[in-house]
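Step one of this worksheet: look at the structure below.
Bear in mind these aren't lab numbers, they're just calculated from the coordinates by the rules spelled out. Quantities reported herein were computed from a predicted structural model and do not represent experimental measurements. Quick reminder, even Gly has a Cβ in these numbers, built from the backbone with ideal geometry, and neighbours come from all protein chains shown.
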Amino acid sequence: MSENIEIIKSNCPRDCYDGCGISIEKIDGRISRVMGDEAHPVSRGRLCNKCAIAYNGVWQDENERLLYPLKRIGEKGKGQFERISWDEAVKTITGRLKADIAGHGPESIIHTHYSGTLSLIALLFPMRFFLKLGASEVDPDSICNAAGHAALSLLYGESHVGFDPRTIRDSNCVLIWGANPSHSGPHSHKHWFAASAVKKIVADPLRTKTARDADYHLQLRPGTDAALAYSLLHVMQRDGLFDDDFISQHTLGSEELLTVINRCTPQWGEQETGVPAALIEEAARCYAAGPSLLWLGQGFQRQLNGGNCMRAVGLLPAFTGNIGKPGTGFTYVTITPGLAGLDFDAMAGAQLASAEPVSVSHMDFAEQLTNPDRFKSLFVWNTNPVASTPNQAQLRRALQREDLFTVVIDCFPTDSADYADIVLPAASFLEFDDLTFSYFHYNIGVQSRAMEPLGEALPNQEIFRRLAKGMGYTEKELFETDEDLIASMLEQMGVEGGFREFQQRGWQPISAEPIIPWADLQFPTPSGRIELASATAEDQGLPRIPQAISDKKQNGEQFRLITPASDYRMNDSYANDPKLARNAGDPEVYIHPHDAERLGIDDGVAVTLSNDSGSLRLTATVDEIAMPGVIVSYKGRWPKQEHERKNVNALHTGQKADMAESTSVHSTLVSVNPCTAVSE
Ligand SMILES: Nc1nc2c(c(=O)[nH]1)N[C@H]1C(S)=C(S)[C@@H](COP(=O)(O)OP(=O)(O)OC[C@H]3O[C@@H](n4cnc5c(=O)[nH]c(N)nc54)[C@H](O)[C@@H]3O)O[C@H]1N2
Ligand SMILES: Nc1nc2c(c(=O)[nH]1)N[C@H]1C(S)=C(S)[C@@H](COP(=O)(O)OP(=O)(O)OC[C@H]3O[C@@H](n4cnc5c(=O)[nH]c(N)nc54)[C@H](O)[C@@H]3O)O[C@H]1N2
Ligand code: SF4
Ligand SMILES: [Mo]
């Protein structure tokens with residue numbers, strides 16, 4: 001009997017720099033394999049370690065997915081539910097929302113959401129409902145990258161426009177600062193960074209694979225980024241490597257920084273940062289010679305001085321004229337569809353808002369949710385806050401509130417879903433058509449429906465259409481169909497031929513040739529120039545110029561805990577895939593051999609990490625990826641699968657960074673002790 005084999009092209013919508021092209025093989029109408037698209041310039045025929053397993057595992061597994069709307073029948077947090085119909089779910093939810101609005105105003109309803117999926121409709125369409133409702137919102141970026149956005153906006157007036165990676169062909173040097181693409185964008189690491197002939201510089205406290213693949217590893221102490229940036233600038237200025245014409249024509253306030261640059265010698269830099277002065281000299285000359293690209297990671301701005309650090313590192317392209325020409329520029333989080341012409345605000349329903357929504361930082365969320373007078377109802381969608389946000393214990397207590405009505409929309413029964421009054425099952429990216437993008441490279445792509453939704457799962461957008469109907473709303477934007485939304489987005493982005501034709505190609509760059517951002521050297525700041533010294537910053541109560549400051553060295557008892565992207569998980573997704581969980585092994589903390597010896601900790605023993613927020617038991621791995629005084633444990637485990645139902649965010653205090661009320665999670669301080677049986 002001959003088999004009917006069909007290949008469907010799609011793209012990965014996870015929150016990842018890579019945005020891989022996918023080929024879905026179907027035999028006789030059923031998915032047999034989800035794999036990388038060979039033609040795609042990033043994935044080149046392979047998915048990452050995690051997706052190759054999870055997309056063929058837990059994402060298609062009826063026993064692991066949420067299949068039906070559920071209502072709570074047990075205690076909050078216990079995850080005891082019974083199946084209900086969609087009609088009943090919608091009626092219960094909208095009944096409660098109407099009562100909350102009548103009794104306490106729409107701001108008493110809060111929603112928290114992020115990037116569980118980045119496919120454009122599932123990401124943006126639900127916002128229309130909440131804006132119409134007038135609900136409060138947990139500021140999504142405050143858990144991830146808000147400080148960096150605020151900092152780059154002061155300097156350049158914009159933070160969502162990054163270099164086109166294809167321009168590396170014109171480049172001599174790539175500097176990666178506080179990102180670890182070997183985990184967080186593995187294909188970009190392998191094919192774009194490691195394989196390139198450019199000189200490579202990495203600034204990271206950890207000896208990551210990205211750092212190991214570089215020519216120069218600037219292994220700075222965490223929190224000393226501004227000092228390192230200023231000592232690099234010192235060498236450049238001393239050696240006549242500044243681009244004086246560029247500085248005088250396109251920047252503002254350089255003279256205000258010169259005294260600081262003068263005093264930040266490489267010797268001073270070495271004392272502050274731990275990076276040898278000779279290495280600072282070499283790296284400075286290499287970057288300044290250009291053309292150079294600068295990848296500004298999201299990791300290094302997740303610290304108490306994260307905004308200041310980003311402002312300081314962001315000076316490098318400006319002083320050396322490494323911007324606006326082929327092979328130059330910086331990237332942070334590029335919103336490619338916006339560059340292609342998509343109106344994000346309209347997609348997210350800005351026109352439906354009657355007032356600016358109340359916004360709460362993730363750093364304050366647990367505390368504010370504890371207050372019964374503040375919020376009455378909570379929606380959680382595209383995110384798993386019990387796993388990912390600070391103050392884990394406090395958040396659990398807040399979610400325990402009997403008077404808080406909680407709705408969780410997810411594909412999987414997460415720790416957060418366990419607290420829901422109503423759980424709604426979300427369809428996965430294999431189950432509906434949409435469009436995708438990457439926030440690093442310049443491709444947009446299709447997301448293709450390749451199977452029926454499991455159970456009664458629905459895409460986010462259909463869930464919110466049903467809720468809008470239940471509320472009695474009539475605005476047409478709340479009911480726009482996927483077909484119309486896709487057609488309109490394709491038109492805005494200039495993609496010809498319609499969705500079905502685009503599906504045949506699978507993906508395409510938004511331009512045939514590399515785009516060079518800022519080629520006209522007009523910056524959307526108040527002055528139109530790069531604002532090295534910023535009056536806007538002053539108005540915000542910040543220093544006019546980035547400060548050459550470093551975090552205080554910790555005392556010997558305390559360790560700085562860094563909890564970055566894991567190779568085995570995508571944020572908090574995939575922890576529930578049994579094969580990936582096996583591959584990932586025990587929850588580990590990496591400790592430098594010197595520290596391990598000092599504390600009498602052997603490889604493989606259990607240790608307890610603790611601070612004011614809580615404690616956590618992990619297995620020690622003695623390894624030189626860490627530097628003395630710094631320990632590492634990767635993020636993204638599901639608390640309910642761990643000892644005492646806790647993950648690393650049990651230790652995350654929720655202290656804010658210096659800008660945008662953003663996370664400082666990589667500044668977390670803990671003490672480390674060998675476990676004794678009674679120490680818990
Ligand atoms: N300690 C520590 N904590 C951190 C970080 C850190 O570095 N260290 N990083 C922070 C960062 S950068 C981020 S971005 C956050 C991310 O934290 P989260 O937002 O909690 O993590 P995700 O895994 O991206 O997504 C959450 C959920 O979205 C669900 N999902 C997937 N597709 C869909 C869909 O189509 N519809 C719906 N409704 N749900 C879907 C997934 O099943 C998953 O449960 O974590 C933060 N937390
Ligand atoms: N496999 C995988 N990929 C992911 C994710 C995932 O969870 N797993 N998450 C996705 C998301 S939501 C995001 S936001 C991105 C984040 O990806 P990245 O931007 O790479 O950020 P992180 O992984 O948090 O941290 C990157 C590096 O910053 C370093 N760092 C920490 N503190 C400092 C400091 O003080 N100075 C300097 N210079 N460096 C420091 C860490 O040591 C780490 O190696 O990755 C995305 N991709
Ligand atoms: S998570 Fe990233 S690396 Fe993995 S398949 Fe998706 S886009 Fe590619
Ligand atoms: Mo993130």
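Dipole size of the stretch 193-304 about its Cα centre, with +1 on Lys/Arg Cβ and -1 on Asp/Glu Cβ: approximately 560 debye, rounded to the nearest 20. Helical content alone sets the calculated 222 nm signal of the chain at -8000 deg cm²/dmol, taking -39,500 (n - 2.57) per DSSP H segment of four or more residues and averaging over every residue. Listed by Cβ neighbour count within 10 Å, with the fewest neighbours leading, ARG544, ARG505 appear as ARG505, ARG544.
Shown here for the stretch 79-124: chymotrypsin sites (Phe, Trp or Tyr not before Pro) in loop regions (DSSP other than H, G, I, E, B) with at most 10 other Cβ atoms within 10 Å, of which there are none.
Could you point to the residue in CYS144, ALA312, CYS411 farthest towards the positive end of the chain's charge dipole, with +1 and -1 charges on the Cβ of Lys/Arg and Asp/Glu respectively? Checked the options; the winner is CYS411.
In a simple Cβ point-charge model (Lys, Arg +1; Asp, Glu -1; nothing else charged), the stretch 137-196 has a dipole of about 420 debye relative to its Cα centre.
Using the Karplus relation 6.51 cos²θ - 1.76 cosθ + 1.60 with θ = phi - 60°, the per-residue 3J(HN,Hα) values for the stretch 660-665 come to 6, 6, 9, 5, 10, 4 Hz, with x marking Gly and Pro.
Of the residues ASP87, ASP572, ASP595, the one with the fewest other Cβ atoms within 10 Å heads the list, and the complete ranking is ASP87, ASP595, ASP572. Estimated from the Cβ-Cβ distance and a Förster radius of 30 angstrom, the FRET efficiency linking ASP215 and SER610 is about 0.15.
Here the peptides 548-555, 146-153 are ranked by packing, the mean other Cβ count within 10 Å, and the order with the highest first is 146-153, 548-555.
For the peptides 434-443, 104-113, the ranking by mean Cβ contacts within 10 Å, running from highest to lowest, is 434-443, 104-113.
Counting DSSP beta bridges with both partners in the stretch 70-221, what percentage is antiparallel, nearest 5? Antiparallel bridges make up about 25 percent of those DSSP assigns within the stretch 70-221. Among residues other than PRO222 with Cβ under 14 Å from its Cβ, the summed charge is +2 (Lys and Arg +1, Asp and Glu -1). Per-residue Karplus couplings for the stretch 188-202, computed as 6.51 cos²θ - 1.76 cosθ + 1.60 with θ equal to phi - 60°, are listed in order as 4, 4, 5, 8, 9, 8, 4, 7, 7, 8, 5, 6, 10, 10, 10 Hz, Gly and Pro entered as x.
Packing here is the average count of other Cβ atoms within 10 Å per residue, and on that basis the peptides 487-495, 518-526, highest first, run 487-495, 518-526. Would you mind getting me the FRET efficiency between LYS71 and GLN558? Use the beta-carbon distance for r and R0 = 56 Å, nearest 0.05. Given R0 = 56 Å and the Cβ-Cβ separation, E is 0.80. Within straight-line reach of LYS469, meaning a Cα separation under 18 Å, sit the following lysines at least 8 residues removed in sequence or on another chain: LYS91, LYS98, LYS132. Modelled this way, with points 7 Å down the Cα-to-C-beta line, the labels at ASN49 and ASP61 are 1.9 nm from one another.
One way to sum up the overall shape of the stretch 367-439 is the equivalent ellipsoid from its Cα gyration tensor, whose semi-axes run 26, 14, 11 Å, largest first. Fully extending the segment from ASN371 to GLU456, taken as 0.36 nm per residue of separation minus the present Cα-Cα distance, adds 27.1 nm. Of the residues LYS476, LYS76, the one with the fewest other Cβ atoms within 10 Å heads the list, and the complete ranking is LYS476, LYS76.
The alpha-carbon positions of the chain define a convex hull whose volume is 157 Å³ per residue. For the stretch 579-656, a crude dipole built from +1 on the beta carbon of Lys and Arg and -1 on the beta carbon of Asp and Glu, taken about the Cα centre, is about 600 debye to the nearest 20.
Between the listed residues SER377, CYS51, GLY185, the Cα displaced farthest toward the positive end of the dipole of the chain, a dipole computed from Cβ unit charges relative to the Cα centre, is found at CYS51. Which of SER254, ILE422, SER108 sits farthest toward the positive end of the charge dipole of the chain, with +1 on the Cβ of Lys and Arg and -1 on the Cβ of Asp and Glu? The listed residue farthest towards the positive side: ILE422.
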